[in-house]
1. Return the residues of region 250-267 that are within 22 Å of F212 (Cα to Cα) and either at pLDDT 95 or above or assigned to a loop (DSSP other than H, G, I, E, B) (or both); say none if nothing qualifies.
2. Here's a check for you: in region 182-192, which residue that is over 19 Å from C217 (Cβ atoms) and touching a strand residue (DSSP E or B) at 6+ places or on another chain (Cβ under 9 Å) is modelled with the lowest pLDDT?
3. Restricting attention to strands (runs of 3 or more DSSP E) lying wholly within region 85-188, give those where 2 or more residues are over 18 Å from Y58 (Cα atoms) and in contact with a Cys (Cβ under 8 Å, 6 or more places away or on another chain).
4. Name the residue, out of H51, H87, that is over 17 Å from R130 (Cβ atoms), modelled with pLDDT of 90 or more, surrounded by fewer than 18 Cβ atoms within 10 Å (Cβ to Cβ) and within 55 Å of the chain's Cα centre (by Cα).
5. For region 136-159, indicate whether the set of residues that are at pLDDT 90 or above, over 30 Å from K225 (Cβ atoms), of a type in the set (A, V, I, L, M) and touching a helix residue (DSSP H, G or I) at 6+ places or on another chain (Cβ under 6 Å) is non-empty.
6. So which residues in region 86-104 are touching a residue at least 40 places away in the same chain (Cβ under 8 Å) and more than 17 Å from K153 (Cα to Cα), if there are any at all?
7. So how many residues does region 1-45 have that are touching a Gly at 6+ places or on another chain (Cβ under 9 Å) and either in contact (Cβ under 8 Å) with a residue 60 or more places away in the chain or of a type in the set (A, V, I, L, M) (or both)?
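The values are calculated or read from the model by the stated rules, or taken from the named source; none is laboratory data. What you see is a predicted model, and the numbers here were worked out from it, not measured in a lab. Virtual Cβ from ideal backbone geometry, glycine too; neighbours counted across all protein chains shown.
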Amino acid sequence: MTSSNIKTTSTCYPPEVVQGTHVFDILGYSKHRGLGAQSFVRSGVFSVAGHDWAILLYPDGYGVELADGMDFISAYLRLLSTGDKVHVSCDIRLVDPATGVSKSAQPALVTMRVLDPKESRVLHCMMIPRNELEGTYVKNDRLTMECVVTVRKEPRVSKTRVFPRIKVPASDIKRQLANLLHEKEGADVMFSVAGEIFTAHKVVLAMRSPVFKAELCGPMSQTGKQPIVIEDMQPDVFKAFLYFIYTDSMKGSDDLEADYQSENCEMIHHLLVAADRYDIARLKLICQSILCKNIDVRNVATTLALADQHHCDRLKDACIEFMSCLSTMNDVVATQGYQDLARTSSSILADAEGRIAKLRKCC
């Protein structure tokens, strides 16, 4: 099973701020007073950041100042456009007619707010005492206001891109080592197995097997050019054995156990013997696992004998547990493997029968 981790990237840029100033001149200021509570004077429509706005000035006061009986004049910014929410602030600056200099009427109200066209479209920008406004900023019945509107747009986010990466191919050392075995380049040792010649590399064999290391690199190593004769092993078994030594796998199978069923168990028997003989623990354990999965009535006695002979305690336990689960041993006793075991190694059977009796008693 493979997994991949795809890394992506995007960038959020600082929000753009757009500012516009609208100058609102109110001539005949006094004529706009006394029209009643909540009456207002509206500026012309002006545009900032793609939105339309207007200033509303309430000469007779509006809202909370009326309710509390205070004599204040208020101004509001009104959003006329429809659409999305807008982040906005408004600074009402009153122009001093004596100097021409404008001054923020109420700096505390100059904060960024959100106007939602679906709910509230007005922003309170100014609330100033009447006597201050009219005494300082109204001259010749004229009031001049500068409305500085600041709109903060939504931050721009770049398109998501796949982060650059360098793909590393799967390891092919298994294929390279298999080619090394097959092509025989640099081979420095030969074996004769039932008359068939095999070539190999001492360093690979010594690295994988302490027995081969002693035979090929130790003080008693065979250094001649003559092939080393391997007794009691068939060529096809030795070939499969060498392939495992080089690749740590069985030929034609990435899953070391999946492709081996009961019809292949004879080869697995021979490989287990070879693994025990040359002290290759992983191969020996793999062979035990395969044989354990394929235990049946016909081969359990043979497998038990093999496990005992080659010190495979876990496989031996599996055989005894299998037999303890059988309702009757008659079918096992009738097999040739059981007859051979009874004739050659009765002590193994005696030990197995004693353990089976204990297991059944526990159940």
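1. Applying the first criterion (within 22 Å of F212 (Cα to Cα)) to region 250-267 yields 250-251, 267.
K251 - this is the single residue of region 250-267 that is within 22 Å of F212 (Cα to Cα) and either at pLDDT 95 or above or assigned to a loop (DSSP other than H, G, I, E, B) (or both).
2. Of region 182-192, the ones over 19 Å from C217 (Cβ atoms) are 182-185, 192.
Still in the list and also touching a strand residue (DSSP E or B) at 6+ places or on another chain (Cβ under 9 Å): 184, 192.
On the way: K184: 89, S192: 96.
Out of the qualifying residues, it is K184.
3. 142-152
4. Values: H51 fails: surrounded by fewer than 18 Cβ atoms within 10 Å (Cβ to Cβ).
Unique residue meeting the criteria: H87.
5. Among the residues of region 136-159, at least one is at pLDDT 90 or above, over 30 Å from K225 (Cβ atoms), of a type in the set (A, V, I, L, M) and touching a helix residue (DSSP H, G or I) at 6+ places or on another chain (Cβ under 6 Å), which makes the answer yes.
6. We begin by selecting, within region 86-104, every residue touching a residue at least 40 places away in the same chain (Cβ under 8 Å); these are 86-98, 102.
Within region 86-104, D91, I92, R93, L94, V95, D96, P97, A98, S102 meet the criteria.
7. Residues of region 1-45 that are touching a Gly at 6+ places or on another chain (Cβ under 9 Å), as a first pass: 18, 22, 24, 37-38.
Okay, now just the ones that are also either in contact (Cβ under 8 Å) with a residue 60 or more places away in the chain or of a type in the set (A, V, I, L, M) (or both), so 18, 22, 24, 37.
Residues that pass the stated criteria total 4.
Here is a yes/no grid of residues against (1) surrounded by 10 or more Cβ atoms within 10 Å (Cβ to Cβ); (2) closer than 30 Å to H51 by Cα; (3) hydrophobic (A, V, I, L, M, F, W, C):
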residue: C125; (1), (2), (3): yes, yes, yes
residue: D141; (1), (2), (3): yes, no, no
residue: R161; (1), (2), (3): yes, no, no
residue: H182; (1), (2), (3): yes, no, no
residue: A200; (1), (2), (3): yes, no, yes
